[in-house]
1. Given the criteria among the hydrophobic types (A, V, I, L, M, F, W, C), more than 14 Å from chain B (Cβ to nearest Cβ) and either part of a loop (DSSP other than H, G, I, E, B) or within 13 Å of the chain's Cα centre (by Cα) (or both), does A:LEU54 qualify?
2. Return yes or no: is B:ARG457 over 17 Å from B:MET265 (Cα atoms) and touching a helix residue (DSSP H, G or I) at 6+ places or on another chain (Cβ under 7 Å)?
3. Can you pull out the residues in the stretch A:1-50 that are away from chain B (no Cβ under 14 Å) and among the basic types (Lys, Arg)?
4. When you go through (1) in contact (Cβ under 8 Å) with a residue 40 or more places away in the chain; (2) surrounded by 23 or more Cβ atoms within 10 Å (Cβ to Cβ); (3) within 24 Å of the chain's Cα centre (by Cα) one by one for B:ILE47, which number turns out not to apply?
5. Take the residues of the stretch A:90-115 that are under 24 Å from B:VAL107 (Cβ atoms), more than 12 Å from the chain's Cα centre (by Cα) and free of Cβ contacts under 8 Å to residues at least 40 places away in the same chain: which is farthest from the other protein chains (Cβ to nearest Cβ)?
6. Starting from the stretch B:286-299, take each residue that is under 29 Å from B:SER269 (Cβ atoms) and list its partners that are assigned to a strand (DSSP E or B) and basic (Lys, Arg), counting only C-beta distances under 9 angstrom and pairs at least six apart or across chains.
7. I'd like the residue in the stretch B:285-301 that is under 27 Å from the mean Cα position of the chain (by Cα) and assigned to a helix (DSSP H, G or I) and, out of all such residues, is farthest from B:ILE264 (Cα to Cα).
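The values are calculated or read from the model by the stated rules, or taken from the named source; none is laboratory data. Here the structure is a predicted model, which means the values were calculated and not measured. Heads up, the Cβs are rebuilt from the backbone with ideal geometry, glycines too, and the neighbour counts pull from every protein chain shown.
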Amino acid sequence: MKDKPFILAVDHNRRNLELLGQFLNKEGYQTISAGSQEEFQQALSGETEIGLVLVDISGFDRQIWDLCEKLRDDQIPFLVISPKQSAAIQQESIAHGARSMVVKPLAIREFLGMIRGLMGE
Amino acid sequence: MSQERLLTGISGLDELLDGGLIPGRAYLVRGGPGSGKTTLGLHFLAIGVANGERTLYITLGEPAEQIRSNAEALGFDQKSISFLDLSPTSEFFTDIQTYDIFSPAEVEREPTTQKIIDEVKRLKPQRIFLDAMTQFRYLSTDTFQFRKQVLSFMRFLVEQKITVLFTSEGSEAAPDDDLQFMSDGIINLNYLPDKRTIRITKFRGSGFQAGYHSIRLTSMGMEVFPRLQPGTYKKVFAPESVSSGIAELDQLLHGGLERGTVTIMSGPSGVGKTTIGLQFMKEAAGRGERSVVYSFEEELEIIVRRCQNVNIPAQSMIERGTLSLVKIEPLQFTPDEFAHLVRQQVERQETSIVMIDSVSGYRLAVRGEDLVSHLHSMCKYLANMGITVILVNQTEAFGGEYRGSEYSISYLADNFIFMRYLERNVDSKLELRKAIGVLKKRLTDFEKSLREIQITRYGIKIGDPISGLRGIFSDLPQLGKATDGKL
């Protein structure tokens, strides 16, 4: 499991991060988390090899898209987590390089399927 | 009973359930707020504890501490009951770290079920009370999931041979039909403005007593009063006559009142109905038999004093145990509760005569419920037990057109004795006299004439048949001209 790349969870809400972390760990993934834009940036510039990023855009401003574009440029796949079903957010997500957009609350089984796909399993 | 039954801790409820619950099954207790679900659950666990069983109370709503202190107040041995408290703590509210990434159902369900599974495996209880199963509804994403989850949860419990009572707060807004289908039995608790009832609507693999039955929540917990079902009681007795001890009255009745019959003693106020009834009891007491009077109107001391005044030694009869006077306050009991009281008294001690004084008082006690059916089952029950039943029925009018009885209860009577005021002229002075007669007697013939009755301090005196009386069912019967004035 050591060889598996990390999943980076980005969420403004600490409790959400905790739950995401618990869930992913239980499924056998190693995670790091970021609760703010700064932490997000640090995580990207760190040593850790990141295989997938989950970005919950709630609570962030538009600058979050810049970071998303950076992910695209670095060829790191990412999912955008949206607080609501919205065509505008979906368009924007795809335009900034997201593989897909998922809406909260997440249906666990479906979500897990996507992660597995993106982690190349 | 072929099956082994598990007592619920409430004897009346066990009676409704034909002896108790069938072990290893899951039963639903339904009822609104304050209907007594928790109390029932505590009884169920407490009797388990008393039998040396391991019991578990799983609470999803009310904090365990609160239940414990309430149980303590009701006198339950709560220390021996294990609690699994899954109710939300106050931190849940103060903790600002709410989440929205997953649905609460996905996040909370697993820890909740895991805690239950762990506790059940650790404790291996024989009885579980789960309050309330409806909470799981909020932990399921949809109704299908809920159903599947509850079913598999119940199967898990039942596989461990656990008998489960689980509650539901079924209401119109949140129906619990699905839970009703899934359970092996349903106990409904109802809280109406003036009374509480219990009703069994399902019991797989067993018979049960249907219908609404009274319950009472007291400082001792819950009591259930099954409705009287006269057919189930039968006693062998000799259908002999019970003498009144007054030769003329026995002549009037061609022997007396038979055991296992119902007699309506009808007449206006003050005519002596109760006294006649007590006269039968005095005679029975002489044979060493016991009688019971349920007085709905008169205070007991007054009855005793009145008896003494007419040479019926009520006080010494009470002391020797041949007479019980029971005062029933109006609105004190529901009909089922009263029936329970009567049953206790006649089944614990051999009883010869029971008098209900009066029907109007009883009617007040049943609070607008169906008087005739309750009185019917009560009288039939007593008659089946070989008891001579006397119903005192006060007719409203002193004069007026004669009415046999109020409330159309005449059909209940095997014997119908009526008493009336008579008018007579003595030396151009008007006098009121009293008379007694029989209208109906099912088992024997009877005298068709009226006799005068006098209640004196030496006792009841009954005269010879009155002749020349006219219009005895009219306003006031009068002696005709043909009479010699003997009366």
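1. No: the conditions fail for A:LEU54.
2. Yes: the conditions hold for B:ARG457.
3. Selection gives A:LYS2, A:LYS4.
4. The failed condition is (2).
5. Looking at the filtered set, the residue picked out is A:GLY113.
6. B:TYR294/B:LYS327; B:SER295/B:LYS327; B:PHE296/B:LYS327; B:GLU298/B:LYS327; B:GLU299/B:LYS327
7. Filtering the stretch B:285-301 for residues that are under 27 Å from the mean Cα position of the chain (by Cα) and assigned to a helix (DSSP H, G or I), the one farthest from B:ILE264 (Cα to Cα) comes out as B:GLU301.
Residue by residue, here is whether (1) under 20 Å from B:ASP100 (Cα atoms); (2) free of Cβ contacts under 8 Å to residues at least 60 places away in the same chain; (3) in a loop (DSSP other than H, G, I, E, B); (4) not basic (Lys, Arg) holds:
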residue	(1), (2), (3), (4)
A:GLU47	no, yes, yes, yes
A:CYS68	no, yes, no, yes
A:ARG72	no, yes, no, no
A:ILE76	no, yes, yes, yes
A:GLY117	no, yes, no, yes
